[in-house]
Amino acid sequence: MRLWMAGALLWPGVVWAEAWEQLTGEQIAEALSARVVVFPEGVAQDFRADGRTIRAGAWGEWRVEGDRYCEVWVNSRPICAAVDRQGITLRFREETGFVRLGRYGDL
């Protein structure tokens, strides 16, 4: 078994999955400010450094409160979520249990 594991570690193309890293407030601001995140449905969200954001032609505002990302859109309640990162993928976890994944689209 040990020999098999050693071989697997040296085999080209074997990649160990990175663990999710929960971001602090400062890390969230750094991860999103002046970045574009693309979600699986193909919608891109542009996070401006000044706190404005645009997604699917609609403007909103984003900010960091403690260790949570928050966004508010016209005529909508604020939504806040913890943010995790795994490589270039971000995971937004709302208190309701809703989870949204996105990847950097500006790389």
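Tabulated data for the structure shown
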| read-out | value |
| --- | --- |
| Pair list, Cβ under 8 Å, 6 or more apart: the stretch 27-45 residue at negative phi, other residue of a type in the set (D, E) and in a loop (DSSP other than H, G, I, E, B) | I28/D67; R35/D106; V36/D106 |
| Residue match in the stretch 80-90 (condition: touching a strand residue (DSSP E or B) at 6+ places or on another chain (Cβ under 6 Å) and either more than 23 Å from Q22 (Cβ to Cβ) or at pLDDT below 95 (or both)) | no |
| Sole exception among (1) surrounded by 14 or more Cβ atoms within 10 Å (Cβ to Cβ); (2) modelled with pLDDT under 95 for N75, by number | (1) |
| Candidate set from the stretch 55-86 (those that are among the small types (G, A, S) and in a loop (DSSP other than H, G, I, E, B)); member that is nearest to L32 (Cα to Cα) | G66 |
| Single condition E18 does not satisfy, out of (1) at pLDDT 95 or above; (2) in contact with a Gly (Cβ under 7 Å, 6 or more places away or on another chain); (3) among the charged types (D, E, K, R) | (1) |
| The stretch 36-54: number of residues that are part of a strand (DSSP E or B) and under 17 Å from R91 (Cα atoms) | 7 |
| Hey, C70 under 16 Å from G25 (Cα atoms), surrounded by fewer than 16 Cβ atoms within 10 Å (Cβ to Cβ), touching a Lys or Arg at 6+ places or on another chain (Cβ under 7 Å) and of a type in the set (A, V, I, L, M, F, W, C) or not | yes |
| Evaluation of V64 against (1) surrounded by 17 or more Cβ atoms within 10 Å (Cβ to Cβ); (2) under 13 Å from the mean Cα position of the chain (by Cα) (one fails), failing number | (2) |
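The values are calculated or read from the model by the stated rules, or taken from the named source; none is laboratory data. Computed from a prediction, not measured in an experiment: that's the story for all the values here. Cβ sites come from the backbone with ideal geometry, for glycine too, and all protein chains shown count toward neighbours.
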